[in-house]
Amino acid sequence: MAAPGADILRVGMVSSVGLSAEVTSAAVRAGIDRFQQSSVLDRRFNPLVMALVATPDLPPLAPALEGIAGLTARQIRMLRLAGPALRACLEDAPPGPAAVLLAGPEAFPGGRPAPVGPVFLEHLAAQAGVKLDLARSRVFPAGRAGVFLALAAALEGLSARRYDRVVVGGVDTLLDLYLLGTLDLEERLRAAGIFDGFIPGEGAAFLLLARPGSGRTPLSRLVSVGTAEEEGHRYTTAAPYRGEGLDAALKTAFAAAPGGPVRTVYAGFNGESFFAKEWGVAIARHKKRIAEDFVIEHPADCVGDAGAALGAMLVGLAAMSLAEGRRPSRCLVWAPSDLAARGAAILDRE
């Protein structure tokens with residue numbers, strides 16, 4: 001019988017603190033951030049503090065994409081962020097086009113269409129200069145928790161042998177004037193006099209997954225994934241906020257991961273207190289599966305709220321920390337979206 005889960009073989013990443021997974025990991029371990037005043041002003045005409053990749057450090061838009069009508073500034077920046085991260089993830093990968101399961105921004109605010117759809121994957125292949133199996137690729141426009149939806153689909157596809165290998169990732173940038181204006185009006189952004197807010201960021205992260213026993217030494221093992229929905233999320237009035245979505249995601253992840261307790265937690269906190277309630281509910285209900293002396297990491301302290309990229313960054317950073325022996329095994333990784341999606345994953349050493 002094949003071993004459950006999947007091997008994480010390689011990580012590619014671009015963030016405000018590093019243009020590679022290795023540099024980002026080292027910067028996060030050291031507690032380094034690049035929070036800086038941006039050229040964007042809030043409604044009080046003060047510069048917004050953001051966690052952005054320096055624009056000169058990003059590759060230009062691929063010539064093949066320059067003449068395409070309808071690409072927004074946000075989409076172009078996401079392509080420039082994702083291209084080098086995807087290319088790094090596929091270095092030394094077996095030949096042939098890879099399927100990509102990509103988490104992207106939610107359809108938010110105000111019901112705006114999600115900025116990443118299937119055609120984005122075609123553009124990403126051109127930007128990264130790689131061949132993708134577009135017929136078996138898919139986009140999950142679900143924000144921070146979107147990567148867990150993608151990971152669940154990847155595990156199912158690997159188990160069913162529809163994939164020999166598959167790339168799972170996330171990309172986002174909050175450098176979007178309409179989005180920032182909405183968040184500013186809602187007083188969600190960290191600014192003078194606003195302490196319960198977050199630093200908007202950006203980034204991209206990709207993970208190369210294969211069935212266990214593929215012949216390559218993995219960074220770590222993805223043991224299980226759990227996904228759920230929070231009925232009382234921030235932007236609904238249909239149900240009260242009980243914080244039960246994350247609890248349900250952890251329940252599914254733990255049910256498929258028998259064994260010892262979690263000793264490290266990579267948390268999807270973004271700087272707002274809103275999500276603390278559901279973490280409190282979840283840890284109270286699963287304390288038997290989490291060691292009393294667990295270590296908690298919240299990388300948004302360094303990279304800001306990178307939106308749909310944050311969940312993928314958390315999984316990638318956890319995988320690398322396990323490979324390097326820098327954090328106790330096993331790891332729980334979780335993240336909530338602004339809308340309903342919630343997700344969690346269990347990682348372990350081989």
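The values are calculated or read from the model by the stated rules, or taken from the named source; none is laboratory data. Since we're looking at a predicted model, the values are computed, not measured. For neighbour counting, all protein chains shown are included, and Cβ atoms are generated from backbone atoms with ideal geometry for every residue, glycine included. For accessibility, only protein heavy atoms count, side chains too; no ligands or nucleic acids. Shrake-Rupley method; radii C 1.70, N 1.55, O 1.52, S 1.80 Å.
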Within the bounds of the range 126-138, is there any residue that is in a strand (DSSP E or B), more than 22 Å from PRO4 (Cα to Cα) and open to solvent by less than 30 Å² (accessible area, probe 1.4 Å)?
yes
Scan the range 272-285 and report the pairs whose first residue is free of Cβ contacts under 8 Å to residues at least 40 places away in the same chain and whose second residue is charged (D, E, K, R), with Cβ atoms within less than 9 Å and a gap of 6+ or a chain change.
LYS277/ARG242; VAL281/ARG242; VAL281/GLU244; VAL281/ASP247; ALA284/ASP247; ARG285/ASP247; ARG285/LYS251
Please state which of the following conditions VAL225 fails to meet, knowing it meets all the rest: (1) among the β-branched types (Val, Ile, Thr); (2) modelled with pLDDT under 95; (3) buried (at least 18 other Cβ atoms within 10 Å of the Cβ).
(2)
The range 140-167, subset out of contact with any helix residue (DSSP H, G or I) (no Cβ under 9 Å at 6 or more places or on another chain) and farther than 17 Å from GLY104 by Cβ, residue most open to solvent (accessible area, probe 1.4 Å):
ARG161
Looking at (1) of a type outside the set (Val, Ile, Thr); (2) more than 23 Å from LEU314 (Cβ to Cβ); (3) touching a residue at least 40 places away in the same chain (Cβ under 8 Å); (4) open to solvent by less than 80 Å² (accessible area, probe 1.4 Å), can you tell me which one ARG43 breaks?
(4)
Quick check: anything in the range 96-105 surrounded by fewer than 19 Cβ atoms within 10 Å (Cβ to Cβ) and of a type outside the set (Lys, Arg)?
yes
Conditions first: (1) in contact with a strand residue (DSSP E or B) (Cβ under 6 Å, 6 or more places away or on another chain); (2) in a helix (DSSP H, G or I); (3) open to solvent by less than 10 Å² (accessible area, probe 1.4 Å). MET50 passes all but one, so which condition is the exception?
(2)
Could you please let me know if ARG74 is out of contact with any Lys or Arg (no Cβ under 7 Å at 6 or more places or on another chain) and either buried (at least 18 other Cβ atoms within 10 Å of the Cβ) or assigned to a helix (DSSP H, G or I) (or both)?
yes
Only one of ALA93, ALA85, ALA27, ALA69 is in contact (Cβ under 8 Å) with a residue 60 or more places away in the chain, aliphatic (A, V, I, L, M), under 17 Å from LEU121 (Cα atoms) and not in a strand (DSSP E or B); which?
ALA85
Neighbours by Cβ (under 9 Å, 6+ apart or cross-chain): first from the range 240-256, in contact (Cβ under 8 Å) with a residue 12 or more places away in the chain and over 12 Å from VAL281 (Cβ atoms); second assigned to a helix (DSSP H, G or I) and of a type in the set (Phe, Trp, Tyr)
ALA253/PHE148
Test each condition in (1) open to solvent by less than 50 Å² (accessible area, probe 1.4 Å); (2) over 27 Å from ALA27 (Cβ atoms); (3) modelled with pLDDT of 95 or more for SER321 and report the one that comes out false.
(2)
Cβ-Cβ distance below 6 Å, separation of 6 or more or different chains: which pairs start in the range 176-199 with a residue that is surrounded by fewer than 19 Cβ atoms within 10 Å (Cβ to Cβ) and end on one that is of a type in the set (A, V, I, L, M)?
GLU187/ILE194
The range 106-125, residues that are open to solvent by 40 Å² or more (accessible area, probe 1.4 Å) and not small (Gly, Ala, Ser)
ARG112, PRO113, PRO118, VAL119, GLU122
Quick check on the range 150-166. Is at least one of its residues charged (D, E, K, R) and in a helix (DSSP H, G or I)?
yes
Report, by residue number, each residue of the range 74-103 that is among the aliphatic types (A, V, I, L, M) and under 17 Å from the mean Cα position of the chain (by Cα).
MET78, LEU79, LEU81, ALA82, ALA85, LEU86, ALA88, VAL100, LEU101, LEU102, ALA103
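Looking at the range 233-350, what helices (runs of 4 or more DSSP H) fall wholly within it and have at least 3 residues that are within 24 Å of GLY12 (Cβ to Cβ)?
Filter on the range 233-350 gives 300-303, 308-323.
Can you name every residue in the range 203-224 that is part of a strand (DSSP E or B) and within 13 Å of ASP7 (Cα to Cα)?
LEU207, LEU208, LEU209, ALA210, SER220, ARG221, LEU222, VAL223, SER224, listed by residue number.
Against the definition (open to solvent by 20 Å² or more (accessible area, probe 1.4 Å), without any contact (Cβ under 8 Å) to a residue 60 or more places away in the chain, over 29 Å from GLY157 (Cβ atoms) and charged (D, E, K, R)), how does ASP33 come out, yes or no?
Judged against the criteria, ASP33 is not a match.
So in the range 1-30, with the set limited to residues that are within 19 Å of PHE206 (Cβ to Cβ) and charged (D, E, K, R), which one is least open to solvent (accessible area, probe 1.4 Å)?
Restricting to residues being within 19 Å of PHE206 (Cβ to Cβ) and charged (D, E, K, R), the top hit is ASP7.
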